[in-house]
Amino acid sequence: MNVFRGGDGRYLEMTNGGTAVFVDVLMLAVSDLAHDPWDFRFAALLTLQDQSIMGRGVVGFGLADLDWGDTPQERAAAKDFLLRVLDLALSRHRWEELSYEPPRAEGYLRTYRSMVEEFDPAAAKAGANVLPGPQDAAMASCVRHRVLGALPFWEACVFCTDGVRFIPAP
C-alpha cells in the first residue's frame, strides 16, 4: 500500500494500481498547469511516485514534508496550484487519452483535494523536505505523451515507463 498523508492524521492509502492511476491523472493535469518554479518541483515529485521505477508499494509523501515556500504568499500560491491541479484532474482532463477508464480516480482525487484544502502549509515540518530542489524540477516534456518528464532522475515520463497506459494523440 502507498500512503499520501495530509494533516491532522488524515491520509489516502491506495493499492499499487490505484496509485498508478492517481499519478497518471495528476501528471496529465500538472503538466498542463505548471508555470512557476514550485509547480515544476511538485511535478518532479509526482514523477518520483512512478512505481515502474521506484518499486511497487514504496511511494507516497506527506503534505507536511513539502517545502511550501518561505512566505505566506509563496505558501498560498503553492497550495492554490495544487488545488487547481486537483480540480483540473477532477474535470477528467485528458482522460480520453488513457488506454483505460481510471477506476476510483475521482474518489481518490476528491479525498486528496479535501486533505490539501484543509492543510495549512505553515504547519509543514521545518527541514523535512521531500520536494525536489529547484535544480531537479521537472522542466522537460515528453514529446510523445505531452507530460513533464522525470529528468534529471531518469529520461522517461510515467507513461513511457509503463508503456501501456496511454494512447498518444495522432
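Throughout, read-outs are computed from the coordinates displayed, never taken from laboratory work. All values reported here derive from a predicted model rather than from experimental measurement. Methodologically, a virtual Cβ is constructed for each residue, glycine included, from the backbone with ideal geometry; neighbour enumeration extends over all protein chains shown.
Using modelled amide H (1.01 Å from N, peptide plane; none on Pro or chain starts), what sits under 5 Å from the amide H of ASP67, excluding residues fewer than 5 places away?
VAL130, LEU131
Sort 24-35, 87-98 by packing, meaning the average of other beta carbons within 10 Å per residue, with the highest value first.
24-35, 87-98
Return the long-range amide H neighbours of LEU98 (sequence gap of 5 or more, or a different chain), with a cut-off of under 5 Å between placed amide H atoms.
ILE167
What ³J(HN,Hα) values, in whole Hz, does the Karplus curve 6.51 cos²θ - 1.76 cosθ + 1.60 give for the stretch 91-106 when θ = phi - 60°, with x put for Gly and Pro?
Along the stretch 91-106, the couplings run 7, 6, 4, 6, 4, 5, 7, 6, 7, 8, 8, x, x, 6, 4, 4 Hz.
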